[in-house]
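Just below is one structure, and these are the notes that go with it.
The values are calculated or read from the model by the stated rules, or taken from the named source; none is laboratory data. Being a predicted model, the structure only gives us computed values, none of them experimental. Cβ: placed from backbone, ideal geometry, glycine included. Neighbour counts: every protein chain shown.
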Amino acid sequence: MQSNAALEYDYSVAKLFTLTTILFGIIGMTVGTLIAAQLAFPQLNYLIGEYGTFSRLRPLHTDVVVYGFLLSGIWSTFYYVAQRVLKVSMAESKFLMFIGKFHFYLYFVGALIAVVTLLLGITQSKEYAEFEWPIDIVIVLIWVLWGISVFGIIGIRREKSLYISLWYYIACFLGVAMLYLFNNMALPTYFVSGGIGSIFHSVSMYSGTNDALVQWWFGHNAVGFVFTVGVIAQIYYFLPKESGQAVYSYKLSLLSFWGLMFVYLWAGSHHLIWSTVPDWMQTMGSVFSVVLILPSWGSAINMLLTMKGEWNQLTDNPIIKLMVLASTFYMLSTIEGPIQSIKSVNAIAHFTDWIPGHVHDGVLGWVGFMTMAALFHMAPRIFKREIYSRKLIDIQFWIQTTGIVLYFTSMWVAGITQGMMWRAVDEYGNLMYSFIDTVAILHPYYVIRTVAGLLYLTGFFIFAFNMIKTMTASAKLTEEPQHRTPMAA
Amino acid sequence: MELKELQGYATFFMTIFLVLMLYGYIMHLYRSEKKGEKDYEKYGKMALDDEIDSTPIETNPNSPKKTKEQNK
């Protein structure tokens, strides 16, 4: 292709996805903070008519942070990491370049359509799988394009072996492909009802308990194959690269990978403990959830041990600080999840605020911190400018860490209080509290959560400002940094 | 044998089978390294030395072309 020009990695697709990571992060987290405030102050539901109600905004929050912020982050890092660990540039294949850009633009259009339809209340009412079938088809196309990119770039690689991060990206691709297709099997109501329904509105092909099982097999594994493997893929590359230390044990990374693949898919039924699914299936979900601690901690400990002998970097380098804390929150989240899956604990935890508390120490601490750290590491390499301000990263870190701690502690207390009040009975066996009693008691915790959300969101705006300044106004770099990311004070 | 009993046995033996598989894999990893057939830890360097003209840890025989000459 090029004969004389020096060959370089091509980051044009990574750059595009970096921008959407920031954009969707702002939208998703702003909506999240608003709905947290709505739970504390219900009058906030009526700011913009039907479009501002909790029921409309909650799916918007979850879908925008998962499929907007997080997926953009996974893709921006994929289009960066894959080239580097395979030692091949996207500029070497016009076809892959076209597919990569097509992947981005179709995704962006699809995401906008998804946002608008959710605001309009168009939904098939399955949690995290709200989109109606025409959007599902667009999503499948987007996923196929990513698959072509993944296997296309692997096909032209110079490095024979695939680095562990790539195995995780492949797992993300294959896992979500399988889950999404099976959970979104639906029929338009027009055909089900013999002509009186709608072509665009569909209902699940499964019914009752079967539908719940498929939904939570999807729901739990969406957490597994997006929130977990998509982010582990990042930390296995960015922490060693930023610290200049090779991963502590490559063997442990392989073992944890296959362990995670084996175990994760069986744990979904823990979402349906004490429901109508067969008892053995609930027990299986519970047991596999506890076993999941091993591969999860295998990866997290491997990351912490990678820093062995180099812990001084934790104080010197705020990007390392973000990644080490991400890894620590991953450990917290993956011990908390199995505890909640134990049947007796689940009897208290199920349906309470402890569940969103658990989710958020994972997503804010693990996913959010790792994604932002990855973007900070990539920015000087793809925009060829140093990070605008180290001080801002430090400020952001402390504001957001405070936010996360306030979020999960308030939800732990709220959730356990709620669970205990729901099951409290007097000496005659009558329930001691009505639902509204719990709501009144929980109000202060909902206010604390709103404050926590505001803190995290403030930190995210600082991150976005730092990134935009890095792209536009920071000092230019003449050569690519090898390990530690250069940053202005 | 009732279905429930059968499910119980199936779960038990599947768990045993998976545990054996897992331990088998750990033994395979360590044994092949001890015998000198594989050096897994060298793959960790892929993330550190990842310039486009760095020498691959293991060169893909079907690789498109060399870059070192091109980038001189």
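Residue count for the stretch A:1-48, restricted to those that are within 14 Å of another protein chain (Cβ to nearest Cβ) and free of Cβ contacts under 8 Å to residues at least 24 places away in the same chain: 4. Selection of the stretch A:323-358 for residues being within 30 Å of A:A246 (Cα to Cα) and either touching a Gly at 6+ places or on another chain (Cβ under 9 Å) or among the hydroxyl-bearing types (S, T, Y) (or both) yields A:L325, A:A326, A:S327, A:T328, A:F329, A:Y330, A:L332, A:S333, A:T334, A:E336, A:G337. If you check A:S3, A:S72, which single one turns out to be modelled with pLDDT under 95 and either farther than 18 Å from A:T450 by Cα or touching a Phe, Trp or Tyr at 6+ places or on another chain (Cβ under 7 Å) (or both)? Of A:S3, A:S72, the one residue that is modelled with pLDDT under 95 and either farther than 18 Å from A:T450 by Cα or touching a Phe, Trp or Tyr at 6+ places or on another chain (Cβ under 7 Å) (or both) is A:S3. Residue under question is A:L118, and the condition is that it be touching a Pro at 6+ places or on another chain (Cβ under 7 Å), more than 14 Å from every other protein chain (Cβ to nearest Cβ) and either surrounded by 19 or more Cβ atoms within 10 Å (Cβ to Cβ) or free of Cβ contacts under 8 Å to residues at least 40 places away in the same chain (or both); does it hold? Here the answer is yes, as A:L118 does meet what is asked. For the stretch B:10-22, the tally of residues that are loosely packed, with under 11 Cβ neighbours inside 10 Å and either modelled with pLDDT of 85 or more or closer than 20 Å to A:L260 by Cβ (or both) stands at 4.
This table checks each residue for (1) facing another protein chain (nearest Cβ under 7 Å); (2) at pLDDT 90 or above.
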| residue | (1), (2) |
| --- | --- |
| B:S32 | no, yes |
| B:K35 | no, yes |
| B:D39 | no, yes |
| B:Y43 | yes, yes |
| B:I52 | yes, yes |
| B:P56 | yes, yes |
| B:K65 | no, no |
| B:K72 | no, no |
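Output the residues belonging to the stretch A:245-263 that are part of a loop (DSSP other than H, G, I, E, B) and within 7 Å of chain B (Cβ to nearest Cβ).
Going residue by residue through the stretch A:245-263, those that are part of a loop (DSSP other than H, G, I, E, B) are A:245-249.
Within the stretch A:245-263, A:A246, A:V247 meet the criteria.
Taking the criterion of being exposed (fewer than 14 other Cβ atoms within 10 Å of the Cβ) and among the hydrophobic types (A, V, I, L, M, F, W, C), the residues of the stretch A:195-214 that qualify are A:I196, A:I199.
Restrict the check to the stretch A:100-107 and report whether at least one residue is surrounded by 24 or more Cβ atoms within 10 Å (Cβ to Cβ) and within 14 Å of chain B (Cβ to nearest Cβ). Within the stretch A:100-107, not a single residue is surrounded by 24 or more Cβ atoms within 10 Å (Cβ to Cβ) and within 14 Å of chain B (Cβ to nearest Cβ).
Would the stretch A:274-293 turn up any residue that is more than 12 Å from every other protein chain (Cβ to nearest Cβ), surrounded by fewer than 24 Cβ atoms within 10 Å (Cβ to Cβ) and within 18 Å of A:A373 (Cα to Cα)? No, the stretch A:274-293 contains no residue that is more than 12 Å from every other protein chain (Cβ to nearest Cβ), surrounded by fewer than 24 Cβ atoms within 10 Å (Cβ to Cβ) and within 18 Å of A:A373 (Cα to Cα).
When the residues of the stretch B:27-43 are filtered to those that are of a type in the set (K, R) and outside any helix (DSSP H, G or I), the one that is surrounded by the fewest Cβ atoms within 10 Å (Cβ to Cβ) is B:K35.
Residues in the stretch A:450-483 that are without any contact (Cβ under 8 Å) to a residue 40 or more places away in the chain and in a helix (DSSP H, G or I): A:T472 alone. Evaluation of A:A177 against the conditions (1) within 21 Å of the chain's Cα centre (by Cα); (2) buried (at least 17 other Cβ atoms within 10 Å of the Cβ) shows that the sole unmet condition is (2).
Every test in (1) more than 26 Å from A:L442 (Cβ to Cβ); (2) surrounded by fewer than 21 Cβ atoms within 10 Å (Cβ to Cβ); (3) of a type in the set (S, T, Y) is passed by A:S55 save one, and that test is (1). For A:K251, the conditions (1) touching a residue at least 60 places away in the same chain (Cβ under 8 Å); (2) in contact with a helix residue (DSSP H, G or I) (Cβ under 9 Å, 6 or more places away or on another chain); (3) charged (D, E, K, R) are fulfilled apart from (1). Taken over the stretch A:320-353, residues that are buried (at least 23 other Cβ atoms within 10 Å of the Cβ) and aromatic (F, W, Y) amount to 2.
Restricting A:P188, A:P240 to residues that are surrounded by fewer than 18 Cβ atoms within 10 Å (Cβ to Cβ) and not β-branched (V, I, T) narrows the list to A:P188.
Considering each residue of the stretch A:403-437, count those that are small (G, A, S) and touching a residue at least 24 places away in the same chain (Cβ under 8 Å), and give that number.
To start, the set of residues in the stretch A:403-437 that are small (G, A, S) comprises A:403, A:410, A:414-415, A:419, A:424, A:429, A:434.
Keeping just the survivors that are touching a residue at least 24 places away in the same chain (Cβ under 8 Å) gives A:403, A:410, A:414-415, A:419.
So the count comes out to 5.
Within the stretch A:143-172, which residues are away from chain B (no Cβ under 14 Å) and either closer than 18 Å to A:Y237 by Cα or buried (at least 22 other Cβ atoms within 10 Å of the Cβ) (or both)? Across the stretch A:143-172, the qualifying residues are A:W146, A:S149, A:V150, A:I170, A:A171, A:C172. Residues that are among the hydroxyl-bearing types (S, T, Y) and modelled with pLDDT of 95 or more within the stretch A:301-340 comprise A:T306, A:S327, A:T328, A:Y330, A:S333, A:T334, listed in sequence order.
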